[in-house]
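K.L.:
One structure follows; several queries about it will come next.
Taken together, the values in this text are just the output of simple stated rules run on the coordinates, not laboratory data. Just so it is clear, the structure is predicted and the values come from calculations on it, not from any experiment. Note that each Cβ is placed from the backbone with ideal geometry, even for glycine, and that neighbours are counted across all protein chains shown.
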Amino acid sequence: MMHAPQTATTGSAIRIEGVDKWFASFHALKAVDLDVAAGERIVVCGPSGSGKSTLIRCINRLESHQQGRIVVNGVELNESLKNIDAVRRDVGMVFQHFNLFPHLTVLENCALPQILSRVTPRRDAEEKAMTLLERVRIPEQAQKYPGQLSGGQQQRVAIARALCMNPRVMLFDEPTSALDPEMVKEVLEVMVSLAEEGMTMIVVTHEMGFAKEAADRVVFMDQGRVVEIAEPRVFFDSPKHERTRHFLNQIIH
Amino acid sequence: MAVYAHSSPTAAEMMPPPVRRTPLREVFFGDLFSACLSVAAIGLLWSLLPALNWATLDAVWVTDDPGECRAGGACWAFIADKLRFILFGIYPPEEQWRPLLVIGLILGMTLISLPPKAWSTKLLAGWIAAIAAMLALMWGGFAGMSFVPTGKWGGLPVTLLLALLSLSLAFPLAVVLALGRRSNRVVPRLLSVLSIEIVRGLPLVGLLFVASIMLPLLLPQSWTIDKLGRTLAALTIFAAAYLAEVIRGGLQGVPQGQGEAAEALGIPRWKIVWHIILPQAIQKVIPPLTNTAIVMVKNTSLVLIVGVFDMLSAGRSAATDPEWPAPFAESYIFVGAIYFLICFGISLYSRWLEEGIHSREYK
């Protein structure tokens, strides 16, 4: 295993130590270590089935790990529901298939979670929702339903919805994989601007352009292991591992 | 590209799609299959002509003398004479403004509850208050209204109240059963499966007998639960078992990502179920929910077996009046028409609801 240049040893936003995870008998994560500093942007890539989605889903406990430790902003993820709530309060997530609530308007999608999980007054929640919809540049769609929007627009709403909760960390699970090619750019632009503002981000993606432009470090995973962690320049120009080279050859023609 | 998109369309681009009108003859006799169906339908209508004659031309519409009703023609004058009895049963005649007011309350409340925009906790509270008022009106015994025991209630208000109360009490029960059946924990799942399967496996008539005859024998003597109440309980349990399975179908149709997204946003679990999962699940199963509601409205007529005096019982017993020449057909047709109006109304309403949902999910 390769040890990456550690940006921070203290004050890390996310610390993952020796994490193992099984789905029934399938060993999905194998002794994974990863330390993410506050404000750091990490891109996770790897072939399908390598465990990259599982890894970030463990960070907000959508999946539970069975061995090792995951500590997010100083709170350890274990069986304690209080801890899980505390972590989810600080961690926002964007999904491959957007997962907007189809029975609610765009505005309600952004406002209702604030009302339900933080007991925010409706007026404040809607005001905040509008501010963030403006930020992802679709305030004019606020009264529409998700089904009436394009994929790119839906994903931008999903980002706004997550940002409404004031997260300190954002997780992106293949945010552009389900999009038509012409819509990838508008979503990446929002993500880049978020990165520029110093948001701590972990992004599972195959968009190597985004990795080069916005990532501090790139993590390559294969068969449940972290194979290589490096700064983008090093990662793309001189990958150390054979499997990394093979993967990069396949996705960059 | 952009210039092209903004340029004004030419005349050819503005052309509406071509409409082909099919001549009527082709619609009904265009191919062998439609021709056969059309001939069969005409034959059926022809065979119904005598019945139509019976119901209209040969019918006696207005008379005070039952003797004028004769064989071969419908006796609608009977319905006019017995209208109050069919609608209100043996409820004291001078007090029948009370059940009439109850029907009016039900209609009024239903009308204001139709648009989904009106659904709120306020409306729910309104319904609870309205139902309490309806029961108080039916019972009386205060403010100068004489007390009327449930044994004397009858006709349309009983049918409507049984349908309304059994469905609205069954619905929350059904939600709990459906959630229980999908739970990861063994005990809730087992309890839900058992109750659903046992109740679904019994005929409603059997349940009604158990509720009206066996329950009083099993319970201690001091517990006297009203017969109408016991009947309502049986109908509620029956409806809950069927509704639970319909709702479970809807829950299965909600993608897993919905719950995950809500969890990731930190929404507490029961609020996820109530605000995110259930509304979507119910929207997906409006047609089978409607179906169950319609079946339950008609199932209330089975209570006549245990001696509850609903509208069908009232119609039946009205026709046994020896003064009139046993006009059972007329009575049943009239009662049937009222059932049809209620059920068709529910059906139209559900179609309207579905259109509303489709219009915002269009892609």
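K.L.:
What FRET efficiency comes out for the pair B:Arg20/A:Lys144, r = Cβ-Cβ distance, R0 = 25 Å, nearest 0.05? Walk me through the numbers on the way to the answer.
P.N.:
Values: r = 35 Å, r/R0 = 1.39.
According to the calculation, E is roughly 0.10.
K.L.:
Just round it to a whole percent: the fraction of Cα-Cα distances in the range A:188-253 exceeding 17 Å.
P.N.:
Values: 860 of 2145 pairs.
The calculated P(r) of the range A:188-253 puts 40 percent of pairs beyond 17 Å.
K.L.:
Identify, among B:Trp324, B:Ile247, B:Trp61, the residue whose Cα sits farthest towards the positive end of the charge dipole of chain B, taking +1 on the Cβ of Lys and Arg and -1 on the Cβ of Asp and Glu, with the dipole about the Cα centre.
P.N.:
B:Ile247
K.L.:
Let me ask something else about it. Using only atoms on other chains, find how many Cβ atoms lie within 10 Å of each Cβ of peptide B:253-264 and report the average.
P.N.:
Details: counts 0, 2, 3, 1, 6, 5, 2, 8, 14, 6, 6, 17.
Mean partner-chain Cβ count within 10 Å for B:253-264: 6.
K.L.:
Given DSSP loops and a limit of at most 10 other Cβ atoms within 10 Å, what is the longest stretch of chain B that contains no such chymotrypsin sites (Phe, Trp or Tyr not before Pro)?
P.N.:
On the way: sites that count: B:Phe142, B:Phe147, B:Trp223, B:Tyr362.
Segment B:1-141 is the longest.
K.L.:
Which angle between 0 and 90 degrees, to the nearest 10, do you get for helix A:242-251 versus the longest principal axis of chain A when only C-alpha atoms count?
P.N.:
Result, in degrees: 40.
K.L.:
Please compare each pair in A:Lys52/A:Lys144; A:Lys21/A:Lys128; B:Lys152/B:Lys298 to a cut-off of 28 Å on the Cα-Cα distance and tell me which ones are over it. If you can, show how the numbers build up before the last one.
P.N.:
Values: A:Lys52/A:Lys144 33 Å; A:Lys21/A:Lys128 37 Å; B:Lys152/B:Lys298 21 Å.
Result: A:Lys52/A:Lys144; A:Lys21/A:Lys128 exceed 28 Å.
K.L.:
Given a cut-off of under 8 Å on Cα pairs at least six residues apart, what relative contact order in percent is computed for the range A:26-250?
P.N.:
Working: 358 pairs, mean separation 70.9, N = 225.
Result for the range A:26-250 is 32 percent.
K.L.:
Count, for each residue of B:266-276, the Cβ atoms from other chains sitting within 10 Å of its Cβ, then give me the mean as a whole number.
P.N.:
On the way: counts 17, 9, 4, 1, 0, 5, 3, 0, 1, 8, 6.
Taking all residues of B:266-276 together, the mean is 5.
K.L.:
Give me the inter-chain shielding for A:82-93: mean count of other chain Cβ atoms within 10 Å, whole number please. Walk me through the numbers on the way to the answer.
P.N.:
Working: counts 0, 0, 2, 2, 1, 1, 5, 2, 1, 3, 3, 5.
Average per residue, whole number: 2.
K.L.:
Shifting gears a bit: How big is the charge dipole of the range B:33-170 about its Cα centre, in debye rounded to the nearest 20, if each Lys and Arg gets +1 on its Cβ and each Asp and Glu gets -1 on its Cβ? Could the numbers behind the result be given before it?
P.N.:
On the way: 7 positive and 7 negative charges, 129 e Å.
I would put it at about 620 debye.
K.L.:
Here's another thing I want to ask about it. Between A:Leu149, A:Gly39, A:Thr120, whose Cα lies farthest towards the positive end of the dipole of the range A:26-250 when Lys and Arg beta carbons carry +1 and Asp and Glu beta carbons carry -1, centred on the Cα centre?
P.N.:
The listed residue farthest towards the positive side: A:Thr120.
K.L.:
Averaging over all projection directions, find the projected area of the Cα convex hull of the protein assembly as shown and quote it in nm² with one decimal place.
P.N.:
Numbers: hull surface 168.7 nm².
The orientation-averaged projected area of the Cα hull of the protein assembly as shown comes to 42.2 nm².
K.L.:
List the Cys residues of chain B that have no partner Cys with a C-beta closer than 4.7 Å.
P.N.:
If one checks each Cβ against the other cysteines of chain B, B:Cys36, B:Cys343 turn up with nothing under 4.7 Å.
K.L.:
Can you give the charge dipole size of the protein assembly as shown about its Cα centre, rounded to the nearest 20 debye, using +1 on the beta carbon of Lys and Arg and -1 on the beta carbon of Asp and Glu? Mind showing how you got there, number by number?
P.N.:
Details: 55 positive and 54 negative charges, 194 e Å.
Computed charge dipole of the protein assembly as shown: roughly 940 debye.
K.L.:
Need one number: nm distance between label points at B:Leu45 and A:Glu196, each 7 Å from Cα along Cα→Cβ, rounded to one decimal.
P.N.:
That separation, rounded to one decimal, is 7.3 nm.
K.L.:
Quick one: Debye curve from the C-alpha atoms of chain B, no solvent, what's log10 I(q)/I(0) at q = 0.11, 0.14, 0.15 Å⁻¹?
P.N.:
-0.99, -1.28, -1.36
K.L.:
Another question, if that's okay. Send over the Kirkwood Rh of the range B:239-300, from the inverse of the averaged 1/r over different Cα pairs, rounded to one decimal Å.
P.N.:
Values: mean 1/r = 0.0798 Å⁻¹.
Value: 12.5 Å, from the Cα pair sum.
K.L.:
So if I take the alpha carbon set of chain A, get Rg, then get Rh from the Kirkwood formula, what is the Rg over Rh ratio?
P.N.:
Details: Rg = 18.0 Å, Rh = 18.7 Å.
Answer for chain A: 0.96.
K.L.:
Another one. Non-local amide H neighbours of A:Phe172 (under 5 Å, H modeled in plane, Pro and chain starts lacking H): which ones?
P.N.:
A:Val94, A:Ile202, A:Val203, A:Val204
K.L.:
Place +1 on the Cβ of every Lys and Arg and -1 on the Cβ of every Asp and Glu in the range A:26-250, take the dipole about the Cα centre, and give the residue among A:Val71, A:Ala215, A:Gln96 whose Cα lies farthest towards its positive end.
P.N.:
Value computed over the given set: A:Val71.
K.L.:
Report, to the nearest 10°, how far helix A:122-135 tilts away from the longest principal axis of the Cα atoms in chain A, using its own Cα long axis and a range of 0 to 90°.
P.N.:
Between helix and principal axis, roughly 60 degrees.
K.L.:
With charges only on Cβ, +1 for K and R and -1 for D and E, what is the dipole size of chain A about its Cα centre, in debye, rounded to 20?
P.N.:
Working: 29 positive and 32 negative charges, 84 e Å.
For this selection, approximately 400 debye.
K.L.:
Hey, what do the phi angles of the range A:114-119 turn into as Karplus ³J(HN,Hα) couplings, whole Hz, using 6.51/-1.76/1.60 and θ = phi - 60°, x for Gly and Pro?
P.N.:
5, 5, 6, 9, 10, 6
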